[in-house]
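Remarks on the structure that follows.
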Amino acid sequence: MRMIVSFAALFLSVLLLQLSSGAVGPLDALAGLQNGFSRGEVGFLGSMHFLGFFIGCWWAPRLMGDVGHSRAFAAFTAMGAIGMAGHILIFDPTAWALLRIMSGICIAGCYTVIESWLQAKVTNASRGRAMGLYRVVDMGGSLIAQLMIGTLASMETYIAYNLLTILCCAAMLPLALTRVPQPETPSAPRLRPSLAWRLSPLAVAGVLVAALSSASFRMVGPIYGQEVGLAATQIGLFLAAFVAGGAAAQYPIGWLADKYDRRWILVWLSVASVFSCAVTVAASGLGTAGVMISAALFGLTTFPVYSVAASHAHDFATNEERVELSAALMFFYAVGAIAAPWGTSLLIEAFGPSALFYFISAGHVLLVIFGLRRMRVRDTREDRTPYVYTPRTSFTIGRLLRRTRDR
């Protein structure tokens, strides 16, 4: 309870931030289609969000060093609020794309501040419990945000975006008003993508496929839901089922990844992902219940891929390399996430809604082939790091997870 009280400001900011940012992507898709945007233009909005996310990851540590944690958080939150409020001033896909860059910068910047602050305050004794609470708050906020989509979609567009803007602004208050002293500003990790490739090419491939799966589904999933006949109020449940399935998978997949060769876990996860994609396509004609169950199955099989890939890469890293390795893996995730939504939306526009899952299936088939090839090139490691659920939130997440991974 003392830990909850001491981190209350951080966790409340995370919750409010997730409620606003987690809902803006699906709302953009639904509102964009309603206002005549093409499917390609809606997908481009998702890609621009991840471009902003990458910029924010790179810029945030430097801004914290210049103005401190609280001011940096306020600046990033203000950018997110401006990005959301701007949607109601002009209904143009290019303008919305620029506004989504601001929203992406906000998410990456705010999470960088929160995770740096949390890292400075936890001790080795409290790290596990603090990370557990952080995961619950973060994933719980994401789940609630998806459930809000139905309510937001039934509102007038300007009311829905104003509500998200209010939640984004409210996220500023806990950290602005807390009496807890700000921590020292940490040095920014060096961004060395080559480090991840040198340690584990399979982990890099897994991260790219994880980005292809998650970013495509979360940003383009509303288009798919609308194409298969879901009402706007049901699309939020569709996305929430994906998040819930991913949350349910973390413990059993983590147990398997600590017990067996992680390369086989990645391969079988991808095989299961191909199966879940096929089930999702087949279930599109089975009514709402079939679509929801297939979305949960899709989250169950695809969501853990990033964490398993990251754990496999850390098996080959030294303790001094862990922070930079986490940043490098996040870099590859951002690259994949920038490209995936726009590409999948264009495929849906050309070949129909099932093209989303055919594209994701193709990525997992390639990961299976590459994983089997890598197992012939490299022997497994006996001394493995513990499996850790890895949020894709900021380059600084590696600092929070470092002690957990240290042998």
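Modelled this way, with points 7 Å down the Cα-to-C-beta line, the labels at residue 91 and residue 233 are 2.2 nm from one another.
Under 14 Å from the Cβ of residue 76, count the other residues' Cβ atoms, weight Lys and Arg +1, Asp and Glu -1, and hand me the total. Walk me through the numbers on the way to the answer.
Working: positive: 62, 71; negative: 66, 115.
For residues surrounding residue 76, the net value is 0.
Counting Lys and Arg as +1 and Asp and Glu as -1 over every other residue whose Cβ lies under 14 Å from the Cβ of residue 359, the net charge comes to 0.
Taking a ≥ b ≥ c as the square roots of the Cα gyration tensor eigenvalues, segment 39-111 comes out oblate, since a/c reaches at least 1.5 and a/b does not exceed b/c.
Is the chain rounded, prolate or oblate when judged by the Cα gyration tensor, a ≥ b ≥ c being the square roots of its eigenvalues, rounded requiring a/c under 1.5 and prolate requiring a/b larger than b/c? Oblate is the answer for the chain, as a/c is 1.5 or above yet b/c matches or exceeds a/b. Along the axis of the charge dipole computed for the chain (Cβ charges of +1 for Lys and Arg, -1 for Asp and Glu, origin at the Cα centre), the listed residues 367, 171, 194 are led at the positive end by 194.
Its Cα centre serving as origin, the chain has a Cβ charge dipole (Lys and Arg +1, Asp and Glu -1) of approximately 1220 debye. Taking the centroid of alpha carbons for each part, segment 104-123 and segment 238-262 are 24 Å apart. Using a/c under 1.5 as the rounded threshold, could you call segment 9-131 rounded, prolate or oblate? The axes a ≥ b ≥ c are square roots of the C-alpha gyration tensor eigenvalues, and prolate needs a/b larger than b/c, oblate otherwise. Cα axes put segment 9-131 in the prolate bin. Averaging the sequence gap over all C-alpha pairs within less than 8 Å and six or more residues apart, then dividing by the number of residues, gives the chain a relative contact order of 26 percent.
Counting GluC sites (Glu not before Pro) as exposed when in a DSSP loop with at most 14 other beta carbons within 10 Å, what is the longest stretch of the chain free of them?
Numbers: sites that count: 156, 184, 382.
The longest uninterrupted stretch comes out as 185-381.
Bear in mind that the values in this text are calculations on the coordinates, not laboratory data. The model shown is predicted, which means the values in this text are computed figures rather than measured ones. Heads up, the Cβs are rebuilt from the backbone with ideal geometry, glycines too, and the neighbour counts pull from every protein chain shown.
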